[in-house]
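Engineer: My structure is below; once you've seen it, I'll send some questions.
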Amino acid sequence: IRNNNSSRFGKYVNLKFNKDWKVMGAEVRTFLLEKSRVTNASLQHERSYHIFYQLLAASQKAGQGLPALQGKHPNDFHYTALSGTNYVPQIDDLKDFDAMAAALDSCGLDASEKVDLYGILYALLSLGNVRFGPSAEGSDVIVVTPQTEADLRTAEQFLGIGDISELLVEKVVKSPRSNQVYHISLD
């Protein structure tokens, strides 16, 4: 459960044959197996993606990570607090963050691009804190709860987008025949 590589990625090999069934080439695709690890910790003591913990640890040091995360800890976010395991003695989140930041440097990302990337991670963590409930009028309409609107605004800010609260609580469908738009409330 503490293996950095614990089956999070899979490889798909697509073999290319000619009409005589001779191998002409191959294509290897890497894909994400455990998308649910972000929103659920399947086991007690299993952390979410390590990058979240690395970013939070680095942001506590001046000049590293994302300044907006200064003073924030894994227990402040639903996705990183799920399993109750925020720190693992065998894993040095700060050292691993430094290695990841160096890898981003070698890929040609400058400081502002790295901060933008860290902001996207912060937005994901903030979206995980957003909760939904009935509207104040007591109708069947589901809305973002007032207590978590600040988390939603943080996510919107760091994603560089406008208000998405309605998009999270309803599905918009456009009929191809009549061109009418239908708003369907999500439960």
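The values are calculated or read from the model by the stated rules, or taken from the named source; none is laboratory data. Quantities reported herein were computed from a predicted structural model and do not represent experimental measurements. All Cβ positions, glycine included, derive from the backbone under ideal geometry; neighbour counts span all protein chains shown. Surface areas here come from the heavy atoms of the whole protein model, side chains and all, with no ligands, DNA or RNA. Shrake-Rupley method; radii C 1.70, N 1.55, O 1.52, S 1.80 Å.
Engineer: Amide H to amide H, which residues 5 or more places from Val143 or on other chains are under 5 Å from it, using H placed in the peptide plane?
Structural biologist: Excluding prolines and chain starts, which carry no amide H, the hits are Gly133, Ser135.
Engineer: Pairs of Cα atoms under 8 Å, at least six residues apart: use those to get the relative contact order of the stretch 57-164, whole percent.
Structural biologist: Answer for the stretch 57-164 is 22 percent.
Engineer: Taking only protein heavy atoms and a 1.4 Å probe, what accessible area per residue, in Å², does the chain have with all protein chains in place?
Structural biologist: Averaged over the residues of the chain, the accessible area is 64 Å².
Engineer: Compute the signed sum of charges (Lys and Arg +1, Asp and Glu -1) over the other residues within less than 15 Å, Cβ to Cβ, of Glu156.
Structural biologist: With Lys, Arg at +1 and Asp, Glu at -1, the net is -4.
Engineer: Using the membrane-span-like helix rule (whole DSSP H runs, Cα extent along the own axis of at least 18 Å, mean Kyte-Doolittle hydropathy at least -0.5), which helices of the chain qualify?
Structural biologist: 93-106, 111-129
Engineer: Please give the charge dipole size of the chain, origin at the Cα centre, charges +1 on K and R Cβ atoms and -1 on D and E Cβ atoms. Round to the nearest 20 debye.
Structural biologist: In total the dipole reaches around 900 debye.
Engineer: Non-local amide H neighbours of Glu170 (under 5 Å, H modeled in plane, Pro and chain starts lacking H): which ones?
Structural biologist: Leu186
Engineer: To the nearest 500 deg cm²/dmol, what mean residue ellipticity at 222 nm is calculated for the chain from DSSP H runs of n ≥ 4 alone, each contributing -39,500 (n - 2.57), summed and divided by the residues?
Structural biologist: Dividing the helical sum by the residues of the chain leaves -10000 deg cm²/dmol.
Engineer: In debye to the nearest 20, how big a dipole does the stretch 112-161 give about its Cα centre with +1 on each Lys and Arg Cβ and -1 on each Asp and Glu Cβ?
Structural biologist: For this selection, approximately 140 debye.
Engineer: Something else about it: Just need the relative contact order of the chain here, percent rounded to a whole number, with Cα pairs under 8 Å and 6+ apart.
Structural biologist: The normalised contact order for the chain reaches 13 percent.
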